[in-house]
1. (1) in contact with a strand residue (DSSP E or B) (Cβ under 6 Å, 6 or more places away or on another chain); (2) within 14 Å of chain B (Cβ to nearest Cβ); (3) of a type outside the set (Gly, Ala, Ser); (4) in a loop (DSSP other than H, G, I, E, B): which one isn't true of A:ILE39, the others all being true?
2. When the residues of the stretch A:109-140 are filtered to those that are aliphatic (A, V, I, L, M) and in a strand (DSSP E or B), which remaining residue is farthest from the chain's Cα centre (by Cα)?
3. Just a yes or no: is a residue in the stretch C:72-81 surrounded by 23 or more Cβ atoms within 10 Å (Cβ to Cβ), touching a helix residue (DSSP H, G or I) at 6+ places or on another chain (Cβ under 8 Å) and over 11 Å from C:LEU150 (Cα atoms)?
4. Considering the stretch A:1-27 alone, what residues qualify as being within 14 Å of chain B (Cβ to nearest Cβ) and either of a type in the set (Ser, Thr, Tyr) or touching a Ser or Thr at 6+ places or on another chain (Cβ under 8 Å) (or both)?
5. Going by the conditions given, is A:ILE79 free of Cβ contacts under 8 Å to residues at least 60 places away in the same chain and closer than 30 Å to C:GLY93 by Cβ?
6. Go through the stretch B:61-77 and count every residue that is more than 14 Å from chain A (Cβ to nearest Cβ), out of contact with any Cys (no Cβ under 6 Å at 6 or more places or on another chain) and among the hydrophobic types (A, V, I, L, M, F, W, C).
7. Check C:PRO53, C:PRO47, C:PRO58 and return the single one that is more than 14 Å from chain A (Cβ to nearest Cβ), within 26 Å of C:VAL127 (Cα to Cα), in a loop (DSSP other than H, G, I, E, B) and not aliphatic (A, V, I, L, M).
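The values are calculated or read from the model by the stated rules, or taken from the named source; none is laboratory data. These numbers were taken from a predicted model, which means no experiment stands behind them. Don't worry about glycine lacking a Cβ; one is built from the backbone with ideal geometry, like all the others, and counts go over all protein chains shown.
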Amino acid sequence: MLPTPKKYFITAGCSEGKSRLTAFDNALLRARIGNINLIRVSSILPPGAEFDPELKIPFGSLVPTAYGYIISDVPGEKIAAAVGIGLSSDTFGVIMEFSGRCSRDEAYKAIEDMLKEAFETRGMDLVDMKIEAVDHVVKEVGCCLAAVPLWY
Amino acid sequence: MLPTPKKYFITAGCSEGKSRLTAFDNALLRARIGNINLIRVSSILPPGAEFDPELKIPFGSLVPTAYGYIISDVPGEKIAAAVGIGLSSDTFGVIMEFSGRCSRDEAYKAIEDMLKEAFETRGMDLVDMKIEAVDHVVKEVGCCLAAVPLWY
Amino acid sequence: MLPTPKKYFITAGCSEGKSRLTAFDNALLRARIGNINLIRVSSILPPGAEFDPELKIPFGSLVPTAYGYIISDVPGEKIAAAVGIGLSSDTFGVIMEFSGRCSRDEAYKAIEDMLKEAFETRGMDLVDMKIEAVDHVVKEVGCCLAAVPLWY
């Protein structure tokens, strides 16, 4: 089997770029995850995974990551991305991502609501939440991204 | 290299949610794959992989999965998702996914047609098909999902 | 951790199909990556990875791959996909993907520009580029795809 991740952090960033993909690339760099290979996952924090905000991941590593993002080429548009982790007392957690044409605060609130719903649906107690949210007003081509990289 | 999966099952589910992502999360839970980390793959059943409908996968595991889904927030709309595996007699199989604004039967038929085409193109004999299809009439925000998780 | 890839190649292909997914499947076959499980990654060439255009990958393997694609069902439309790798002298490289309703030459140029921007942003010297680009005029349902599979 693929090894289950044991550590995680949470990050977010926004940037402009000359194209849609370079705006995304630049937002990844701002979020300090631009030089690794993100593998998108949906979206459970493994039981016992430790929060490690100081994680250094070698260049080019394959990194399972839950993330949400939005790219816009509409100058003046406000865009936002957010990600959140809902923690239980004794088992796995749940990760939720959001992005949209809205403010940071609206994205933050959307994540809170989704985490509450995810725990209610599972009949689990939500003992803590970690949320990161960012927004950005597009100049030419902008991207906002929020991510929970999972690591070892 | 990443280890090649050795087992698989096939599943599908539909659900409502308060948001697009929680509708997706709830459909995953209905399909009994809501508490793992899906890694989306396109879409080959490895040679020799065994069908194991009773597979239990630990929470938070990284699970290579071929899946199709659709989310709709149009009340009254019928949505469907289907997934199918085309089996050969002696080598790999092919997995096809479909989702759309249609009925379960149409999604099922789309999968059959795609599997036949995939085997024709490869000049291989299609000796069996396993297909799962579901549909749902949206109340507020609905999701249908069909998946083939690959495991060890 | 997941093992970091050590080899790579670059490929592209276009095809027609009877449906959107089989057009995609057929384009993968043309690109000689149709019988493996692509895991999409974003998009760094690991330090020291070797270019190996003769790589044979076993059926059904899980293959981390950076790719871009476009599917169109508009007869007569020209579609294109391109992928490129920017190489540094001594560390990781950067992979960029592009697809659009344009010609092969425009897709090629878009990749060049994105690779230059990605290296500028990182303050790194771009010592070489490998680019593959393809285009196709849609008959019924067409797909163009360009990919950098990473392997071991």
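1. (4)
2. Within the stretch A:109-140, the match that is farthest from the chain's Cα centre (by Cα) is A:VAL137.
3. yes
4. Passing the criteria: A:MET1, A:LEU2, A:THR4, A:TYR8.
5. In short, no.
6. 1
7. Every option except C:PRO53 fails the conditions.
So that you can scan it fast, the table gives a plain yes or no per residue for (1) buried (at least 16 other Cβ atoms within 10 Å of the Cβ); (2) closer than 18 Å to A:VAL141 by Cβ; (3) without any contact (Cβ under 8 Å) to a residue 24 or more places away in the chain:
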site: A:LEU2; (1), (2), (3): yes, no, yes
site: A:ILE10; (1), (2), (3): yes, no, no
site: A:GLU16; (1), (2), (3): no, yes, no
site: A:SER19; (1), (2), (3): yes, yes, no
site: A:GLY34; (1), (2), (3): yes, yes, yes
site: A:PRO46; (1), (2), (3): yes, no, no
site: A:PHE51; (1), (2), (3): no, no, no
site: A:PRO64; (1), (2), (3): yes, no, no
